[in-house]
Protein chains: 2
Amino acid sequence: MSLLVVGTVAFDAIETPFGKVDKITGGSGNYICHSAGHFTNEMQLVSVIGDDFDQKELEYLQSIGTDIEGVQVKKGEKSFFWSGKYHMDLNRRDTLVTDLNVLADFNPVLPESYKKAEFLIVGNIDPNLQAKVISQMLERPKLIALDTMNFWMDIAQDALDIVLKMVDLLIVNEEEARQLSKEYSLVKAADVIRKKGPKYLIIKKGEHGALLFHENRVFFAPALPLEDVFDPTGAGDTFAGGFMGYLASTRDLSFENMKRAVIYGSAMASFCVEKFGAQRLKEVSRQEIEDRVQVFIDLVDFDIILQQA
Amino acid sequence: MSLLVVGTVAFDAIETPFGKVDKITGGSGNYICHSAGHFTNEMQLVSVIGDDFDQKELEYLQSIGTDIEGVQVKKGEKSFFWSGKYHMDLNRRDTLVTDLNVLADFNPVLPESYKKAEFLIVGNIDPNLQAKVISQMLERPKLIALDTMNFWMDIAQDALDIVLKMVDLLIVNEEEARQLSKEYSLVKAADVIRKKGPKYLIIKKGEHGALLFHENRVFFAPALPLEDVFDPTGAGDTFAGGFMGYLASTRDLSFENMKRAVIYGSAMASFCVEKFGAQRLKEVSRQEIEDRVQVFIDLVDFDIILQQA
C-alpha cells in the first residue's frame, strides 16, 4: 500500500486579507504528504531542498510515515521559494516571487526501494521530469495520478501530451481543463482530455467542489460552504493527498471507492484553508476528519422517491 | 394548493453563440408558470402586457392551469421588451435593450379570487410593488418567496428592506447575496440576509448549483454538468417555478421536502437551457423530469461508513 509522492518541498511567504507569514513550509509534495499521512504511513517522497531547509519539518514528515530517502539535499543551495498575495475574494492571487533555486536543475532519481510503489502521484513539475519519474518504475503502479498547470500547456504541450499517455488520472482545475481541451463545457472537456490518455479525470472547482469522470460516469463532490477561509494555499495538493492516501489505504479502485476518496480529499482541503500553510493538517485528528465527512454527507443528502409517469 | 405568481410577461430578443431569436415570449412570470405547471394546475398570474401580446401564448398558460384574470392588458401599449447577447462562456451577457413599456406604470392589483392563495412567489420587480402585492393578501400564505436583483439594492434598498421583512424565502444569486449582505462568505451572507427577514434563503450559483439555508441547516444541490447550454435565459425563474410548483403540489414545508423542491427546480432549469426561451419547458414530459432527477441523485450519490476513531 505504499504511496510514492513526487513534488516540491519549499518555503512560502503568504499574505491574505487575514494576515501574513514570511517563511513557512510549503510545496506540493509537502502538502500531499501532510494530507495523505492521515490515511497511510507508507509514503515515499521524491523532492529536492537546499541545506537551508528546516530539519524539524523533515522529521515531522518522517514521523507521519514518510520515507525521505528520495529527498535530495543540495549543499550550499537554497530551497524553492514562492511568495504570493491573495485578493479580498481569495479566488485570485498575485505571485510576488518565484525563486526556483534548487528546483532549477532538479533531476528526480528514484531510490531502488521506491520503484515498486503501488500508488504514484506526480505533482506539478516540468512534464519532462514527470515522464522521467514514471519511466523509472520497475512495476506499473495500480494508479498513477498527475497534476499540471497552464504554464506547461503554454510552453511544453508536447511533453505534457507524452506524459498524459502514461497516467491513469489527471487532476486539474476548471481553467486548466478548459485550456487543455479547448472546450468550455466541462463535460466536453472531460471527453477530450480522457482521449489524451488518463481514464480518470478530476476537475477541481475550488469553492464550488470537484467533478470525477470515468467512462460514462460522473460524480460531483460539493465543497463545504465555509464561514472563513484563512489561506487557500495548498488546498489543491491537500485534496490530492487525501484522495491518494485514502485510495492507498483501501486499495480499492472501484468507482464507488474513488468517490469516497474524493470526499475525503475534499474534507482534508476544507481543513487546510483554516490556517496558514499546512498547520491545520498537522493538528487535525481522525475523529475530526470523520466528523467533517459527516458534514459533507448531510450537505448533499436528499431523499426522493421517483414517480412513475 | 393554489400558487400565486407575480412577475413579468414579456418579449425577449436573445443572441447566444449558438443562434439568435428576434421576438419570443419571456418574462419571470412566464417562466415561473411554464415550470410550476408541471407540478400544479392551480396557478394564478399577476402581470401586465400590451395588446401586442401573442394570444396563443396566453392560451397556452391557461391550458397548463394558469388563471390569467390578474394579467392586465393595456390597450394601445406595448409589452415589456428585453434584448440581450451572451458571451462565449454564457455566464456573462450584455443587455442591449430594456423597453419597460407597460411595465413603467405597472400597478399590480389582485383579483378577489387570488387573495387567499396558499403559496406566493413575487418575481423581480420594484420592491415597492412587491410589498403592495403582499399587502393585498387576505390570508397569510403558507410560504411567500421573493426574487430581487442588484439594481434594486442600488436604488431602492429601503423599500427592499421593508419587503424582506414580509417574506419567508429569498431567492438570489451569489453576487446578489454578497451585495445585499456586504459579506463575501456565503455562510456569513446567509446569516446577515436571514436577519433581515426571510427565514429561508436560496443562493443560486448557476452552473455550480444552489444552496438552501434554514436555521442551522444548509443543503447543497449540484447543477448538472451539461454538454451544451443553448440559452441560459429564464433558468433562474424556471428554477424558482419548479421549486414553488413542487412545494404547492406537496404542501409540505419540512426541510426534507424543501430539499426535494430544490432538486426539482434544478432539474427544470437544466431543461430550460437546452433550447431558446421556454420552448423546452413546453415539451418536456413528467417521465423526462423524473429521469432527470435520477441523474441528480446519481451525480451526488456516495456511500461512506464512518469509522470510529
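Bear in mind these aren't lab numbers, they're just calculated from the coordinates by the rules spelled out. Everything numeric here is computed off the predicted structure, so don't read it as measured data. Here the Cβ positions follow ideal geometry from the backbone for every residue, glycine too, while neighbour counts run over all protein chains shown.
Things worth noting here:
- Percentage relative contact order, the stretch B:3-300, counting C-alpha pairs under 8 Å, at least six apart: 17
- Using the Karplus relation 6.51 cos²θ - 1.76 cosθ + 1.60 with θ = phi - 60°, the per-residue 3J(HN,Hα) values for the stretch B:102-112 come to 4, 6, 4, 10, 5, 10, x, 10, 8, x, 3 Hz, with x marking Gly and Pro.
- Along the axis of the charge dipole computed for the stretch B:212-309 (Cβ charges of +1 for Lys and Arg, -1 for Asp and Glu, origin at the Cα centre), the listed residues B:M268, B:Q279, B:F243 are led at the positive end by B:F243.
- B:L160 sits among other residues whose Cβ lies under 12 Å from its own Cβ, and their net charge, with Lys and Arg +1 and Asp and Glu -1, is -4.
- Counting from the shortest, the label point at B:D52, 7 Å from Cα toward Cβ, is 7.0 nm from the same position in each remaining copy.
- Once the C-beta distance of B:K282 and B:F18 is scaled by a Förster radius of 22 Å, the resulting FRET efficiency is 0.70 to the nearest 0.05.
- For the stretch A:131-236, the fraction of C-alpha pairs farther apart than 16 angstrom is 60 percent.
- ³J(HN,Hα), Karplus 6.51/-1.76/1.60, whole Hz, each residue of the stretch B:77-85, x for Gly, Pro: 10, 9, 6, 4, 10, 10, 10, x, 10
- Rounded to the nearest 20 debye, the dipole size of the stretch A:1-91 about its Cα centre is 180 debye, using +1 on the Cβ of Lys and Arg and -1 on the Cβ of Asp and Glu.
- Farthest toward positive dipole pole in the protein assembly as shown [+1 Lys/Arg, -1 Asp/Glu at C-beta], among B:F230, A:L143, A:G197: A:L143
- Between copies, B:L100 shows label-point distances of 6.1 nm, shortest first, with the point placed 7 angstrom from Cα along Cα to C-beta.
- Between B:V102, B:V295, B:V172, the Gaussian network model of chain B with springs among Cα atoms under 10 angstrom shows the greatest mean-square fluctuation at B:V295.
- Global form of the stretch A:255-302, assessed from the alpha-carbon gyration tensor, a/c cut-off 1.5: prolate
- Alpha-carbon centroid distance for the pair the stretch B:115-132 / the stretch B:44-108, whole angstrom: 16
- In nm, spacing of pseudo-spin labels at B:M153 and A:N216 (7 Å Cα→C-beta vector): 4.3
- Pairs of alpha carbons in the stretch B:1-93 separated by more than 20 Å make up 40% of all such pairs.
- Residue mean of other protein chain beta carbons inside 10 Å, A:215-226: 5
- Converting the Cα gyration tensor eigenvalues of the stretch B:229-309 into ellipsoid dimensions via √(5λ) gives semi-axes, longest first, of 27, 16, 11 Å.
- Net charge of Cβ neighbours under 10 Å - reference A:I32; Lys, Arg +1; Asp, Glu -1: -2
- Scattering profile of the stretch B:44-186 at q = 0.13, 0.17, 0.18, 0.19 Å⁻¹ [log10 I(q)/I(0), Debye over alpha-carbon scatterers]: -0.71, -1.16, -1.25, -1.33
- Highest-fluctuation residue, B:A156, B:A278, B:A267 considered, GNM on chain B with Cα pairs under 10 Å: B:A156
- For A:E175, inter-copy label distances in nm, listed shortest first [label point 7 Å out on the Cα-Cβ vector]: 1.9
- DSSP finds beta bridges in chain B, and of those with both partners inside it, around 40 percent are antiparallel.
- For the protein assembly as shown, taking the reciprocal of the average inverse distance between every pair of different Cα atoms yields a Kirkwood hydrodynamic radius of 26.1 Å.
- Descending semi-axes in Å of the stretch A:168-309, equivalent ellipsoid built from Cα gyration tensor: 25, 20, 16
- Listed residues A:H214, A:H34, A:H87, most fluctuating in chain A (Gaussian network, C-alpha, under 10 Å): A:H87
- Taking a Cβ cut-off of under 14 Å around A:K199, the surrounding Lys, Arg, Asp and Glu residues balance to a net charge of +4, with basic ones at +1 and acidic ones at -1.
- Residues whose placed amide H lies under 5 Å from that of A:F80, excluding near-sequence neighbours: A:F11, A:G50, A:V102, A:L103
- In this structure, A:E227 and B:K56 have a Cβ-Cβ separation that, at R0 = 45 Å, corresponds to a calculated FRET efficiency of about 0.35.
- Here the stretch A:3-300 is treated with +1 on each Lys and Arg Cβ and -1 on each Asp and Glu Cβ, and its dipole about the Cα centre works out to around 780 debye.
- Charged-residue dipole, Cβ positions (Lys, Arg, Asp, Glu), the protein assembly as shown about Cα centre, Debye nearest 20: 240
- Phi angles of the stretch A:244-260 translate, via the Karplus equation with coefficients 6.51, -1.76, 1.60 and θ = phi - 60°, into HN-Hα couplings of 6, x, 5, 4, 5, 7, 9, 6, 10, 9, 5, 4, 4, 6, 4, 4, 4 Hz per residue; Gly and Pro are given as x.
- Using the rule -39500 (n - 2.57) for each DSSP H run of four or more residues, divided by the residues of chain B, the 222 nm mean residue ellipticity is -11000 deg cm²/dmol.
- Gyration tensor (alpha-carbon) shape descriptor, the stretch A:69-147, a/c threshold 1.5: oblate
- Evaluated at q = 0.13, 0.14 Å⁻¹, the base-10 log of the normalised Debye intensity for chain B, with identical point scatterers placed on the Cα atoms, takes the values -0.90, -1.06.
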